[in-house]
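See structure below.
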Number of protein chains: 2
Amino acid sequence: MVSKKEIKFIRSLQSGKHRLATGFFLVEGEKSLVELLNSSWKTELALLTAAFLNKYPNLKNIRKTRIIEADRELLHKAGSLITNESGIAVAIIPAAVQFIEKSDRLILAAENLKDPGNLGTLLRIADWYGIREILLSENSVDLYNPKVIHSSMGSFLRVHVHYKNLVKVFQNKHMPVIGTFPEGENIYISRLPDRGYVLMGNESQGISDELLPWIDLRVSIPRFGKAESLNVAVAAAVILDNFMRNRR
Amino acid sequence: MVSKKEIKFIRSLQSGKHRLATGFFLVEGEKSLVELLNSSWKTELALLTAAFLNKYPNLKNIRKTRIIEADRELLHKAGSLITNESGIAVAIIPAAVQFIEKSDRLILAAENLKDPGNLGTLLRIADWYGIREILLSENSVDLYNPKVIHSSMGSFLRVHVHYKNLVKVFQNKHMPVIGTFPEGENIYISRLPDRGYVLMGNESQGISDELLPWIDLRVSIPRFGKAESLNVAVAAAVILDNFMRNRR
């Protein structure tokens, strides 16, 4: 059984303040739960539906976690999803990994990223393209926001996110910074390096003036129609795809 | 002034049932409002903030629309956005445009698309890549859902969306259907046609068995990391980008 107090505690983890105070975060949705419960990440408690438990009887961490069987109504009450047919886990926020520039790879960087769905999607994209690290300016959305975790579809377990002062990182960099600008070089034609920081700007303001001095290459995605811009995660995917396509 | 009854009416348009019964839909957010009020689409009523009206005094349709000045609190009460600093318009759903296959172009098609944010993002992507038409299976999310309109960033004004039985359309097609499958040809290498239907499957189930007989070309986006899949809108953008890149 789960007490009212526990439901209230689980709900409270939707807020960044409570995550910071307790060191816990929420994982919801089938795909993310399966990956979490098969990983080496520590989980305190999981409310899981009978259907989920039947479908996945052999998840590695199930025995190490306090499991409570829950129905959809309870999951709706305790979690952030409107419909949740699998469960909610309360997991432990791991210690931050130190950021060390490894100068032989692509790193995705984003400035002042605000939308949790965008960060989750960026994690999934980075994980698809084999990018191991995402660098975010310190004023960006929290990685452990439930919407980030949910939309990352498990990729939060594999991609490291670092909150950094981007100016300070770029002052000490040994790789080029590639930024997207409307007047940048056509990315279909441009010679793209096989290592560097691929920098995405804020959803509505783009890349700030403060970072402009550190940009080594300005690229643009060719446009064939009339939309003013692409969503930041979509743009990141198209750029990374061009880098990878270039590389073969 | 706006009456309680009107606020209730505006709120009711968040539901598809009420949109169908009344023929109205909601447009929210700065970018979409500016484009709507500069377009030939008919708007019944708009609640706009003083800041929005000051910033855009010359929008074409402002004179033809009943304008009510509103503050953020009222917009929060009447609309679907948590923060809305610009306004809400009640616009008239235009008559559906007939779908006629024009066999010289790319058409984006999606089956059983469920997430409103994904449809909005697909509209924006189609509009970026110069795709004029999106074909959706009849069980897909409603175009006039406020989240679709909002995330399309104005592209709903330019891209036509048709709800169709996809099997029936494909039975009479004169162009290839291109589908994405994990075992498809590498899209970096594959010879892509410059016309056809680019078909995206459902967010979790992919392309259904019913449509498989109509697929002429199976492609895949190369993967370099460990994510199991890409978000449907992200995948569509990467595929369209490869088509366009191919074409030059």
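The values are calculated or read from the model by the stated rules, or taken from the named source; none is laboratory data. All figures in this text were calculated on a predicted structure; none of them were measured in a lab. Every residue, glycine as well, gets a Cβ built from its backbone with ideal geometry; the counts of neighbours run over all protein chains shown. The area values use the complete protein model at the heavy-atom level, side chains included, leaving out ligands, DNA and RNA. Shrake-Rupley method; radii C 1.70, N 1.55, O 1.52, S 1.80 Å.
Taking label points 7 Å from Cα along the Cα-to-Cβ direction, A:Ala96 and A:Lys77 give a separation of 3.7 nm. Each distinct pair of alpha carbons in the protein assembly as shown adds a 1/r term; the inverse of their mean, the Kirkwood radius, is 24.1 Å.
Between chain B and chain A, roughly 3200 Å² of accessible surface gets buried, counting both sides and using a 1.4 Å probe.
Equivalent-ellipsoid semi-axes for the stretch B:111-248 (Cα gyration tensor, √(5λ), whole Å, largest first): 22, 17, 16.
When the Gaussian network model of chain B links Cα atoms closer than 10 Å, the mean-square fluctuations of B:Pro182, B:Pro193, B:Pro146 top out at B:Pro182. A point 7 Å from Cα along Cα→Cβ stands in for B:Arg191, and the other copies hold the same point at 3.1 nm, listed in rising order. Basic side chains Lys and Arg get +1 at the Cβ, acidic Asp and Glu get -1 at the Cβ, and with that the dipole of the stretch A:48-143 about its Cα centre reaches some 500 debye. Computed over the stretch A:96-185, the range of Cα coordinates on each principal axis works out to 33, 32, 25 Å, biggest value leading. With 20 Å as the limit, the listed pairs B:Lys42/B:Lys114; A:Lys31/A:Lys147; A:Lys31/B:Lys114; A:Lys147/B:Lys164 have B:Lys42/B:Lys114; A:Lys147/B:Lys164 beyond it between alpha carbons. The longest part of chain A holding none of the exposed loop chymotrypsin sites (Phe, Trp or Tyr not before Pro), meaning those outside H, G, I, E and B in DSSP with at most 16 other Cβ atoms within 10 Å, is A:100-223. Taken over the stretch B:1-106, the ratio of Cα radius of gyration to 2.2 N^0.38 Å equals 1.16. Nearest-5 percent of antiparallel DSSP beta bridges in chain B? If we restrict to bridges inside chain B, about 30 percent are antiparallel. The GluC sites (Glu not before Pro) found in the stretch B:1-100 that occupy coil by DSSP, while having at most 15 further C-beta atoms within 10 Å, are B:Glu85.
Taking a straight Cα-Cα cut-off under 20 Å and skipping sequence neighbours fewer than 8 places away in the same chain, the lysines within cross-link reach of B:Lys168 are B:Lys102. Across the stretch A:176-248, Cα-Cα distances exceeding 19 Å account for 28% of all pairs. In terms of Cα atoms, the Rg and Dmax of the stretch B:29-177 work out to 17.0, 53 Å.
Largest first, the extents of the alpha carbon coordinates of the stretch B:17-70 on the three principal axes equal 35, 23, 19 Å. Comparing mean-square fluctuations of B:Gly23, B:Gly130, B:Gly225 from a GNM of chain B with C-alpha springs under 10 Å, the top value falls on B:Gly225. With Cα atoms as the point set, the radius of gyration and Dmax of the stretch B:59-110 evaluate to 17.8, 49 Å. Of the solvent-accessible surface of the protein assembly as shown, computed with a 1.4 Å probe over protein heavy atoms with every protein chain present, carbon and sulfur atoms account for 50 percent.
This model, with +1 at the C-beta of Lys and Arg and -1 at the C-beta of Asp and Glu, gives the protein assembly as shown a dipole about its Cα centre of some 340 debye.
Within a straight-line Cα-Cα reach of under 15 Å, A:Lys17 can be paired with the following aspartates and glutamates, leaving aside sequence neighbours fewer than 8 residues apart in one chain: A:Asp142. When A:Phe99 is represented by a point 7 angstrom out along its Cα-to-C-beta vector, the spacings to that point in the other copies are 4.6 nm, nearest first.
The aspartates and glutamates within cross-link reach of A:Lys77, meaning a Cα-to-Cα straight distance under 17 Å and a gap of 8 or more places when in the same chain, are A:Glu6, A:Glu28, A:Glu69, A:Glu85. When DSSP beta bridges are restricted to pairs lying wholly in the stretch B:131-213, around 10% turn out antiparallel.
When the helices of chain B are scored as -39500 (n - 2.57) per DSSP H run of n ≥ 4 and the total is divided over every residue, the value at 222 nm lands at -8500 deg cm²/dmol. Accessible surface computed residue by residue for chain B, with neighbouring protein chains in place and a 1.4 Å probe, gives 48 Å² per residue. Mind scanning B:Lys5/B:Lys60; A:Lys4/A:Lys55; A:Lys60/B:Lys226 and naming the pairs with a C-alpha gap bigger than 24 Å? Correct reply: B:Lys5/B:Lys60; A:Lys4/A:Lys55.
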